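Presented below is the structure to which this report refers.
The values are calculated or read from the model by the stated rules, or taken from the named source; none is laboratory data. Nothing here was measured: the structure is a model prediction, and the numbers come from that model. Glycine gets a Cβ as well: all are built from the backbone with ideal geometry, and neighbour counts include every protein chain shown. The accessibility values were calculated without ligands, DNA or RNA, using every heavy atom of the protein model including side chains. Shrake-Rupley method; radii C 1.70, N 1.55, O 1.52, S 1.80 Å.
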2 protein chains.
Amino acid sequence: METGRTLMDVVKERCEHCSGRSLSICNAIDDEDLPALVAESSRISVPSGRSFIEEGAPAHDFYVLTSGRAKLFNLMPDGRRQIVGFAELGDFLGLAASETYAFTAEALGDATLCRFPHSSIDRLIERFPRLRCRLQEEASSELVSLQARLMLLGRKTAKERLASFLVEQARPCCRVGGEAGAERPLTLSLPMSRTDIADYLGLTIETVSRTFGHFKKEGLITVKGASSVTLLSFKELSNIANGVR
Amino acid sequence: METGRTLMDVVKERCEHCSGRSLSICNAIDDEDLPALVAESSRISVPSGRSFIEEGAPAHDFYVLTSGRAKLFNLMPDGRRQIVGFAELGDFLGLAASETYAFTAEALGDATLCRFPHSSIDRLIERFPRLRCRLQEEASSELVSLQARLMLLGRKTAKERLASFLVEQARPCCRVGGEAGAERPLTLSLPMSRTDIADYLGLTIETVSRTFGHFKKEGLITVKGASSVTLLSFKELSNIANGVR
DNA sequence: AAAATGTATTGACATAGATCAAAAATTTTA
DNA sequence: TAAAATTTTTGATCTATGTCAATACATTTT
């Protein structure tokens with residue numbers, strides 16, 4: 001951190017307008033304690049397509065995604081790929097690691113992150129015990145969502161998988177327009193390619209494309225230019241996602 | 001806990017000969033501190049086929065499996081099932097939960113467990129800070145293994161899935177005979193049915209059975225009475241599991 | 001704006017694994 | 001130990017999704 005600026009200046013610049021503030025683990029820290037948090041972390045910018053966590057690299061840091069999105073994936077020797085998750089605003093990354101990271105993380109569009117060395121997290125937990133619970137929550141909810149993904153990959157049909165994906169993406173920070181649960185159109189901006197979606201859902205791009213086609217024909221969605229999808233019946237998609245006949 | 005027995009008596013009975021002692025989170029606690037651990041937990045016995053954690057029930061407790069095995073699974077409304085994991089000696093259960101448990105856990109054969117209410121774990125962590133790291137490790141390794149399972153379900157062939165399963169089961173506590181990595185026969189006792197294996201691997205029982213058949217024909221395994229499998233070439237199975245051609 | 005490049009869709013066909021149906025093996029019960 | 005019940009294996013067939021190939025559509029470059 002350069003001199004000539006006080007810690008308070010950095011807090012102002014980094015946290016005051018951070019849209020991840022209320023979503024991330026930072027919400028376990030009171031405003032007046034932010035300087036301690038900032039002192040233990042650094043901010044990094046990652047251009048589109050660049051990876052900032054490498055599978056197999058020594059796991060020294062945790063990350064909080066503060067803008068943009070990212071994809072997390074694993075590769076097999078012959079190039080088969082499984083995307084294990086998409087990260088968005090406020091997501092905490094790096095828990096799935098022992099000595100080394102278990103996945104690669106790559107920015108989907110430009111992204112910024114706050115980096116916390118493991119040792120810093122330990123110090124912060126000691127000082128702010130609430131942070132421990134917050135991290136435990138983070139790990140638990142990650143475990144829950146991975147278990148749901150196992151059901152998706154092991155037992156759901158292509159339609160159920162894509163419906164699950166769309167319903168999952170229909171969270172506040174992915175929405176372009178439209179309200180919550182209400183039964184009116186809800187437009188999503190999907191920053192990932194069809195290949196990414198396929199590798200997330202354990203399908204091929206052709207099947208993803210055809211399944212989008214079915215949903216269009218059945219009047220469940222409209223698609224504008226591949227990356228903008230409008231859900232016309234969230235309820236019905238949600239039923240399909242859960243295998244409700 | 002009944003009177004007339006000191007805490008030390010219970011420790012002796014419960015922990016001294018507990019084969020999970022060195023594997024479970026209990027290994028973060030020194031022998032002289034075991035009474036505190038025992039005071040915060042209770043021991044339960046679960047007969048074969050009975051469930052002790054129910055998906056959707058309020059999540060009040062964590063469990064450590066101290067004998068036997070268990071299967072953890074999720075159901076869809078129409079009965080499709082995904083087994084999210086098999087638990088064995090020393091495994092810590094209950095992390096995948098928010099307000100309610102995200103899975104059902106059922107004993108595979110008779111099992112015993114130690115139950116720790118969430119509040120007890122909080123108290124124990126406060127008293128034994130090493131326990132926090134131990135639990136974090138537990139969560140991390142669970143996340144890593146779930147991510148590996150995503151690759152299995154999303155991208156691996158039937159042969160790769162079954163080979164992965166066999167290699168995974170070839171851990172010390174599942175072995176009946178045979179040594180570690182060495183290239184000599186290694187016999188496993190599989191307490192789960194073919195249906196369980198199928199629901200774990202995202203396949204049907206017929207495909208599991210046929211794939212066992214392939215491995216037999218190729219001289220990779222021998223099978224005795226469906227629940228005893230001998231791995232003749234761990235190395236080759238491991239290559240298949242990882243998609244190495 | 002046109003050309004070039006990359007990405008997504010659509011179509012024809014192939015196949016791994018599912019489904020349905022016996023038969024065989026194993027385990028349980030009597 | 002024999003009979004019954006259950007589980008596993010094997011066989012025949014089907015189908016959802018994959019593969020390969022050709023357009024079509026977007027986006028970027030010139």
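In segment A:126-157, burial by the other protein chains removes 30 Å² or more of accessible area from A:132, A:136, A:140, A:143, A:144, A:146, A:147, A:150, A:151, A:153, A:154, A:155, compared with the chain on its own (1.4 Å probe, ligands and nucleic acids ignored). Note on exposure: A:8, A:151 ranked by accessible area (1.4 Å probe, complete protein assembly) read A:8, A:151, with the most exposed listed first. Calculated FRET efficiency, residue A:141 to residue A:244, Cβ-Cβ distance, R0 = 30 Å: about 0.80 to the nearest 0.05. What does the C-alpha gyration tensor say about the overall shape of segment B:40-122? Classify as rounded when a/c is under 1.5, otherwise prolate if a/b is larger than b/c, or oblate. It comes out oblate by the Cα gyration axes.
For segment A:1-124, the carbon plus sulfur part of the accessible surface works out to 50%, probe radius 1.4 Å. Summary value for chain B: 18 percent relative contact order, contacts being C-alpha pairs under 8 angstrom separated by 6+ residues.
Which of rounded, prolate, oblate describes segment B:72-219, given a ≥ b ≥ c as roots of the alpha-carbon gyration tensor eigenvalues and a/c under 1.5 marking rounded, otherwise prolate only if a/b is larger than b/c? Since a/c reaches 1.5 and a/b is larger than b/c, the shape of segment B:72-219 is classed as prolate.
Take the alpha-carbon positions of segment A:7-152, form their convex hull, and give its projected area averaged over all directions (one quarter of the hull surface) in nm². Show your work: numbers first, answer last.
Numbers: hull surface 35.7 nm².
Mean shadow area of the hull around the Cα atoms is 8.9 nm².
Ranked from largest, the principal axis spans of the Cα set of segment B:156-241 equal 31, 24, 20 Å.
Modelled label positions at residue A:127 and residue A:230, each set 7 Å beyond Cα in the direction of Cβ, lie 4.9 nm from each other. Extent of the protein assembly as shown along its three principal axes (Cα atoms, max minus min coordinate, largest first): 60, 53, 43 Å. In this simple spin-label model, placing a label point 7 Å from the Cα along the Cα-to-Cβ direction at both residue A:78 and residue B:209 gives a separation of 2.7 nm. If you count only protein heavy atoms and use a 1.4 Å probe, how large is the accessible surface of residue B:222, to the nearest 10 Å²? Here the accessible area works out near 70 Å².
Taking all Cα-Cα distances within segment B:135-175, those exceeding 13 Å account for 61%. Which FRET efficiency value, to the nearest 0.05, is calculated for residue B:31 and residue B:168 with the Förster distance at 35 angstrom and r the Cβ-Cβ distance? Calculated value: 0.65. Label points for residue A:80 are taken 7 Å from Cα along Cα→Cβ. From this copy to the others they lie 1.9 nm apart, shortest first. Per residue, the average separation of C-alpha pairs within less than 8 Å and at least 6 apart gives segment B:7-152 a relative contact order of 31 percent. For segment B:190-232, the extents of the C-alpha atoms along the principal axes are 25, 19, 13 Å, listed from largest to smallest.
Which value, in square angstrom to the nearest 100, describes the accessible area buried between chains B and A on both sides, using a 1.4 angstrom probe? Provide the component values of the computation, followed by the final result.
Details: alone 12810 and 12810 Å², together 21940 Å².
Adding both sides of the contact gives about 3700 Å².
For segment A:156-241, what does the relative contact order come out to in percent, with C-alpha contacts under 8 Å and a separation of six or more? Can you show the working numbers first?
Numbers: 118 pairs, mean separation 34.1, N = 86.
Rounded, it is 40 percent for segment A:156-241.
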